[in-house]
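For reference, the structure discussed in these notes is given below.
The values are calculated or read from the model by the stated rules, or taken from the named source; none is laboratory data. Note that the structure is a prediction, hence the values are computed from the model and not measured. Glycine gets a Cβ as well: all are built from the backbone with ideal geometry, and neighbour counts include every protein chain shown. Side chains included, ligands, DNA and RNA excluded: accessible areas come from the protein's heavy atoms. Shrake-Rupley method; radii C 1.70, N 1.55, O 1.52, S 1.80 Å.
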Amino acid sequence: MSDQPKDFTAAEWLEQALEAEDSDNTKTALDAVEKALKLDPTLGEAWRLKASLLQDMDQPQEAFRVLNEACQRLPHDAGCWFDIGAFLATHNNLPQAIECYMRCYNIDSSFPRIKTNLGMAFREIHDFDNAVALLTEALEENHQDLDKSRVLNRLAEAHIALEHFDKAYECLDQSLVLDESNFTAMANMAMVHLQRKETEAARSAIQNAIDKAPKDANLYVMKAAIYDDSEKDEDRETANKAIEHALKLAADNPEIWIKVANRHLHFEEISEVIECLDKAIEIAPDSYQVWHSRAFLLSQIPSQTEESLRSFDQSIALNPYFPGNWLMKAQVLHKVGRTQEAAACHRRGLHLTGNLIIWGVFLIDDNNAPVEGTQVAVETERSVPQAKIVEQYVERLKKEGHTIDDEGKVDNKYRIAMTQVPLEQVEDKPVYKDGEEPPKPKNSKNKRKKKS
């Protein structure tokens with residue numbers, strides 16, 4: 001690198017960085033990409049490469065800082081939003097990952113892998129309708145770099161969750177044509193056969209999966225579920241042996257213990273359920289997923305309602321951004337008659353999934369400064385157009401006596417602005433909700449509301 005001319009352009013330094021990366025010369029690549037950014041800080045690809053190199057050097061926090069700075073400097077660069085979304089998804093912050101992916105999607109809906117990644121993220125937070133829509137679109141666009149077998153399998157899982165078993169079958173059939181060794185697709189196919197009451201086909205499919213991956217404990221748990229569907233004693237014994245084998249393979253895997261607990265719950269073996277869940281917690285006491293699963297299974301046992309709520313609280317303490325905790329806790333609270341708490345939890349869960357958006361709509365002056373006391377919080381579904389929110393606000397202003405000209409200027413001096421409002425801000429600093437009547441102004445000549 002020292003032999004290179006010092007008057008390289010930013011693009012040439014970036015090219016040097018990419019060549020060094022291809023040669024696994026990370027430090028040289030980082031030095032070159034920093035030179036490129038010094039010459040031209042608008043190179044989105046350079047910011048993304050720098051973040052990637054920092055992750056390769058095991059500096060994830062610094063990589064995130066770089067991506068965050070890139071998004072602030074280049075808010076219209078789809079790639080920067082995609083990469084920060086991928087970073088957040090990798091670190092289990094799915095709500096914020098989805099928000100960043102949506103920024104990428106809104107800038108460029110054809111950006112490579114955006115629909116796939118967004119669909120996968122929706123699937124992870126159990127928003128299966130959006131997962132199906134986006135993964136279907138991704139497959140229809142037929143990108144060359146798409147792992148179609150994997151995407152078809154994930155799409156099938158979303159269909160299974162929605163009980164669209166025929167559609168799931170079609171996806172899995174295509175997945176196995178593309179990759180006949182995909183044992184996960186074989187296992188999912190077994191569950192589809194089971195739901196369609198095709199017992200022998202289900203047993204054959206799960207055995208094919210086990211033959212491909214004989215050390216995967218999850219497959220033996222699935223085999224047990226298939227044989228448990230029968231009332232024959234010999235089938236129950238086959239299922240028991242499959243569970244024993246699963247625990248032998250993965251006794252230190254908390255997810256296996258949770259699945260075994262779920263099986264015991266099916267047979268109403270309550271003490272065994274609790275024993276398995278306690279074992280899972282013993283293995284992974286700091287896993288919000290394990291506490292979440294414990295809470296959910298205990299919520300199915302009437303005598304364990306309070307313990308279920310405590311487990312939800314523990315999971316929330318470990319990860320307050322997982323919407324499933326809030327939504328399922330809301331169901332338990334509602335079941336025991338604690339309706340106000342249930343409503344609050346449900347609202348937070350919807351907000352974290354992105355299905356509930358809170359828009360702050362307000363007036364700004366010629367200096368782009370917010371006009372005090374004019375903010376209104378409007379809670380909407382994601383699908384409601386922003387223009388609709390503005391229309392509602394305009395109607396509100398007119399009812400209050402404000403004038404709006406053809407260019408949208410209010411009282412001949414203000415303009416309307418809007419931004420997304422964090423749920424915490426609405427809870428901590430109440431503003432007027434849509435439909436509420438604001439207090440009457442103290443001065444009849446000033447139609448603006450008091451600051452809330």
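The table below lists the values:
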item: In the stretch 358-372, the residues that are part of a loop (DSSP other than H, G, I, E, B) and either of a type in the set (A, V, I, L, M) or within 16 Å of VAL421 (Cβ to Cβ) (or both); result: ALA369, VAL371
item: Condition broken by GLU391, with the remaining ones in (1) in contact (Cβ under 8 Å) with a residue 24 or more places away in the chain; (2) more than 27 Å from ARG123 (Cα to Cα); (3) exposed (fewer than 13 other Cβ atoms within 10 Å of the Cβ) satisfied; result: (1)
item: The stretch 290-317: number of residues that are part of a helix (DSSP H, G or I) and buried (at least 17 other Cβ atoms within 10 Å of the Cβ); result: 17
item: Test: residue in the stretch 322-337 that is under 30 Å from SER287 (Cβ atoms), at pLDDT 90 or above, of a type in the set (S, T, N, Q) and open to solvent by 60 Å² or more (accessible area, probe 1.4 Å); result: yes
item: Residue match in the stretch 324-331 (condition: within 29 Å of TYR393 (Cβ to Cβ) and in contact with a helix residue (DSSP H, G or I) (Cβ under 6 Å, 6 or more places away or on another chain)); result: yes
item: Selected residue (criterion: farthest from the chain's Cα centre (by Cα)) from residues of the stretch 267-283 that are open to solvent by less than 20 Å² (accessible area, probe 1.4 Å) and among the aliphatic types (A, V, I, L, M); result: VAL273
item: Enumeration of residues in the stretch 229-253 that are in a helix (DSSP H, G or I) and either in contact with a Gly (Cβ under 7 Å, 6 or more places away or on another chain) or open to solvent by 20 Å² or more (accessible area, probe 1.4 Å) (or both); result: ASP233, GLU234, ARG236, GLU237, THR238, ASN240, LYS241, GLU244, HIS245, LEU247, LYS248, LEU249
item: Residues of the stretch 266-289 that turn out to be out of contact with any Asp or Glu (no Cβ under 8 Å at 6 or more places or on another chain), outside any loop (DSSP other than H, G, I, E, B) and either under 17 Å from TYR220 (Cα atoms) or at pLDDT 95 or above (or both), as a count; result: 12
item: Number of the exception - ARG203 against (1) over 28 Å from LYS248 (Cβ atoms); (2) buried (at least 17 other Cβ atoms within 10 Å of the Cβ); result: (1)
item: Output for the stretch 113-166, where each listed residue is outside any helix (DSSP H, G or I) and open to solvent by less than 30 Å² (accessible area, probe 1.4 Å); result: ILE125, ASP127, LEU146
item: For GLU198: the one exception among (1) surrounded by 17 or more Cβ atoms within 10 Å (Cβ to Cβ); (2) more than 20 Å from the chain's Cα centre (by Cα); result: (1)
item: Options ASP7, ASP24, ASP58; residue that is surrounded by fewer than 14 Cβ atoms within 10 Å (Cβ to Cβ), within 33 Å of the chain's Cα centre (by Cα) and more than 29 Å from LYS115 (Cα to Cα); result: ASP24
item: Flag if GLN16 is under 18 Å from TRP81 (Cβ atoms), in contact with a helix residue (DSSP H, G or I) (Cβ under 7 Å, 6 or more places away or on another chain) and open to solvent by 30 Å² or more (accessible area, probe 1.4 Å); result: no
